[in-house]
Ligand code: PLP
């Protein structure tokens with residue numbers, strides 16, 4: 001016909017700035033994206049003004065720096081090679097993970113407290129937090145430790161659980177902030193808080209390095225069971241725990257099977273931040289108010305919006321969990337824990353008080369009332385060391401700095417020397 005095809009018709013709209021698709025208004029509420037850009041901006045401005053300065057040392061981002069140990073690596077390499085053989089080739093796998101790794105996780109990391117079919121293997125803890133939020137949807141109220149890993153808050157905002165951020169308190173409406181600070185031993189007074197449906201709790205904690213005691217976790221589980229809440233327990237830093245008796249999993253706590261989910265990951269255990277392998281545990285007894293097992297709905301998310309973790313990386317997960325791999329993980333944890341000790345002793349020798357850094361890779365420095373961005377800038381300018389201002393983890397982090405022990409040993413040692421020279 002002579003009618004122009006729709007795709008060739010140009011509409012003259014000079015003031016048009018994009019497509020006709022309306023932006024998801026929840027994304028416009030997000031504020032937290034300012035942390036890493038803010039750090040990069042200050043770092044770049046400093047470098048521009050001081051082009052000849054010595055190399056900057058980063059104790060900032062919590063990414064791993066040490067290579068994957070050889071035995072664990074052999075699992076990754078073996079997994080890749082298998083794909084090149086006729087007999088070994090596999091395509092799509094079970095969306096929940098291969099049976100062998102689900103069994104191994106249940107046996108080696110949960111001592112059989114968790115059944116293999118309660119383990120969902122994934123591409124990481126962050127991704128699972130996002131998928132849990134997709135499952136919970138917009139109708140729940142979430143609670144977070146303040147300060148906390150920013151992903152819990154930001155994904156709550158994205159799925160529409162919150163109102164706008166309050167510019168005065170820097171808190172989102174409809175999120176329950178659970179203050180965690182030295183004066184409460186980094187454990188909130190649960191009874192004093194408004195009700196929340198889903199409670200995100202991370203131990204060992206990012207950024208405070210606080211490790212919850214058995215008694216504290218018992219109180220958390222009892223609270224959730226009494227109030228009908230679900231705890232999402234983030235155990236991504238569990239292998240850093242060396243103090244005997246400190247729980248590495250929420251499933252060591254009685255009563256947890258009716259109210260707890262655990263997210264976890266090989267990222268920090270084995271340097272898999274780039275390789276990507278994690279898992280989420282949902283016991284069969286955790287149910288929604290209508291009686292539906294939560295695991296059923298999460299299974300639906302995993303089978304619909306995820307297609308299973310990489311088969312190559314799952315082979316690497318298997319070598320993480322045999323005796324040789326577990327020993328390599330211990331050695332890697334020892335390395336970072338020694339870094340944490342060096343940083344903690346170093347910053348304390350400069351006259352600061354600090355928390356964490358034991359059973360955890362983060363040292364949380366108390367600035368005793370000073371603004372965290374000011375001290376961040378002072379340390380950058382005087383010592384050429386990048387840290388992370390606590391305020392980036394929520395309003396409760398103001399007045400603190402986080403130092404990450406994931407830097408190479410020599411960087412930690414030199415950072416301490418520099419800090420001593422200018423701050424002590
Ligand atoms: N949970 C916490 C508390 C973290 O600090 C991090 C990463 O820094 C993650 C989860 C992310 O884990 P993954 O690499 O498995 O997505």
Residue in segment 40-61 that is in a strand (DSSP E or B) and either within 16 Å of the ligand (Cβ to nearest atom) or at pLDDT below 95 (or both) present:
yes
Residue under question is residue 247, and the condition is that it be in contact with a helix residue (DSSP H, G or I) (Cβ under 6 Å, 6 or more places away or on another chain), in a loop (DSSP other than H, G, I, E, B) and assigned by TED's automatic domain parsing to the domain that holds residue 146; does it hold?
yes
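Of these, 229, 289, 256, 265, which one is more than 13 Å from the ligand (Cβ to nearest atom), in the same structural domain as residue 96 (by TED's automatic domain parsing) and in contact with a strand residue (DSSP E or B) (Cβ under 6 Å, 6 or more places away or on another chain)? Explain how you work it out, then say what you get.
Numbers: 289 fails: in contact with a strand residue (DSSP E or B) (Cβ under 6 Å, 6 or more places away or on another chain); 256 fails: in contact with a strand residue (DSSP E or B) (Cβ under 6 Å, 6 or more places away or on another chain); 265 fails: more than 13 Å from the ligand (Cβ to nearest atom).
The match here is 229.
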Please give the strands (runs of 3 or more DSSP E) falling wholly within segment 131-206 in which 1 or more residues are touching a strand residue (DSSP E or B) at 6+ places or on another chain (Cβ under 7 Å) and either within 14 Å of the ligand (Cβ to nearest atom) or within 30 Å of residue 95 (Cβ to Cβ) (or both).
142-146, 198-202
Report whether or not residue 103 is closer than 21 Å to residue 240 by Cα and in the same structural domain as residue 206 (by TED's automatic domain parsing).
no
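When you go through 101, 114 one by one, which is the residue that is touching a residue at least 40 places away in the same chain (Cβ under 8 Å) and within 16 Å of the ligand (Cβ to nearest atom)? Step through it out loud before you land on a result.
Values: 114 fails: within 16 Å of the ligand (Cβ to nearest atom).
So the residue among 101, 114 that is touching a residue at least 40 places away in the same chain (Cβ under 8 Å) and within 16 Å of the ligand (Cβ to nearest atom) is 101.
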Got at least one residue in segment 364-375 being closer than 27 Å to residue 151 by Cα and crowded, with 24+ Cβ neighbours inside 10 Å?
yes
Working carefully through the options 324, 348, find the one that is surrounded by fewer than 24 Cβ atoms within 10 Å (Cβ to Cβ), touching a residue at least 40 places away in the same chain (Cβ under 8 Å), in a helix (DSSP H, G or I) and on the phi < 0 side of the Ramachandran plot.
324
Filter result (under 13 Å from the mean Cα position of the chain (by Cα) and under 14 Å from residue 332 (Cβ atoms)) within segment 270-284:
273
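Might you let me know whether segment 280-301 holds any residue that is under 18 Å from residue 71 (Cα atoms) and surrounded by fewer than 20 Cβ atoms within 10 Å (Cβ to Cβ)? Even if it seems obvious, please write down each step before you answer.
Our first condition is that a residue be under 18 Å from residue 71 (Cα atoms); within segment 280-301, this holds for none.
Looking for residues that are under 18 Å from residue 71 (Cα atoms) and surrounded by fewer than 20 Cβ atoms within 10 Å (Cβ to Cβ), one finds none in segment 280-301, hence no.
Is there a residue being within 23 Å of residue 365 (Cα to Cα) and under 14 Å from the mean Cα position of the chain (by Cα) anywhere in segment 223-235?
Applying the first criterion (within 23 Å of residue 365 (Cα to Cα)) to segment 223-235 yields 234-235.
Okay, now just the ones that are also under 14 Å from the mean Cα position of the chain (by Cα), so 234-235.
The answer is yes; a qualifying residue exists.
Out of 68, 56, 61, I need the residue that is over 30 Å from residue 398 (Cβ atoms) and touching a residue at least 60 places away in the same chain (Cβ under 8 Å). Which one?
Of 68, 56, 61, the one residue that is over 30 Å from residue 398 (Cβ atoms) and touching a residue at least 60 places away in the same chain (Cβ under 8 Å) is 68.
This table checks each residue for (1) under 21 Å from residue 305 (Cβ atoms); (2) within 13 Å of the chain's Cα centre (by Cα).
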site	(1), (2)
130	yes, yes
134	yes, no
138	yes, no
144	no, yes
171	no, no
174	no, no
201	no, yes
207	no, yes
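Each row is one residue, and each column tells you yes or no for (1) assigned by TED's automatic domain parsing to the domain that holds residue 108; (2) surrounded by 15 or more Cβ atoms within 10 Å (Cβ to Cβ).
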| site | (1), (2) |
| --- | --- |
| 308 | yes, yes |
| 311 | yes, yes |
| 314 | yes, yes |
| 317 | yes, yes |
| 343 | no, yes |
| 353 | no, no |
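Inside segment 268-282, can you point out the residues that are within 10 Å of the ligand (Cβ to nearest atom) and touching a residue at least 60 places away in the same chain (Cβ under 8 Å)? Talk me through it step by step, then tell me what you get.
The first filter runs over segment 268-282 and keeps only residues within 10 Å of the ligand (Cβ to nearest atom), leaving 268-269, 272-279.
The answer is 268, 269, 272, 273, 275, 276, 277, 278, 279.
The values are calculated or read from the model by the stated rules, or taken from the named source; none is laboratory data. Since the structure is predicted, the reported quantities are computational estimates derived from the model, not experimental observations. Here the Cβ is made from the backbone with ideal geometry for all residues, glycine too, and neighbour counts use every protein chain on show.
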